[in-house]
Amino acid sequence: MSVLHIADTGFFVALGAPDNQRYRRVRTFAQRNGIVFAVPERVYEELTTTDTSESIEIEAIPVDAAIDDGWVRIAEPLDYTNPAVSKTMDGIQRYIANADGRPADEIERADPALGALAIQALSSGDASHAYIYTTDIAAGEGAETVLASDGYGDAVTFVNGFRFIDDLLSEEK
């Protein structure tokens with residue numbers, strides 16, 4: 001069985017452009033370790049949506065460059081007919097809402113999609129472990145908590161995206 005590495009919008013925003021040291025270190029880490037980060041479709045949409053009302057030219061969208069380099073892929077679509085996927089998304093959305101003190105319907109759906117992708121892969125047997133790299137503490141903790149309540153506590157690890165990047169940068173020194 002394989003290990004699934006899932007990354008969120010904030011993680012890629014923290015990396016910056018392909019010429020940025022943070023981006024290069026994560027790319028090198030992924031390539032050396034044979035890791036291909038999966039991004040849920042909702043995350044990919046957040047990363048690639050641009051404001052067309054402004055006439056700004058974008059040379060290359062960093063996530064697309066990572067996909068072209070082979071260390072990132074867009075994940076298979078979430079199967080919302082799978083009760084585990086829907087339950088996980090709802091549970092993480094409620095967890096984030098409680099942690100942030102705001103109504104659940106105001107929580108963006110990309111954050112719960114991280115845990116939903118993990119449960120989809122774990123419950124189908126496509127993965128034996130899922131690492132969720134996010135800069136959103138509530139989303140990461142929510143994914144761990146909700147998946148643990150469904151019996152997947154030992155199969156999911158929240159990786160603080162900022163700390164992960166900082167650790168890679170400090171290894172260079």
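Each reported figure results from applying straightforward, stated rules to the coordinates on display, with no laboratory input. This one's a predicted model, so the numbers in the text were calculated from it and none came from an experiment. Note: ideal-geometry Cβ built from the backbone for every residue, glycine included; neighbour counts use all protein chains shown.
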Positions within the stretch 71-100 being over 24 Å from residue 37 (Cβ atoms) and touching a residue at least 60 places away in the same chain (Cβ under 8 Å), in sequence order: 87
Conditions (1) crowded, with 23+ Cβ neighbours inside 10 Å; (2) outside any helix (DSSP H, G or I): number failed by residue 102: (1)
Count of the stretch 110-142 residues which are over 25 Å from residue 166 (Cα atoms), surrounded by 14 or more Cβ atoms within 10 Å (Cβ to Cβ) and of a type outside the set (A, V, I, L, M): 2
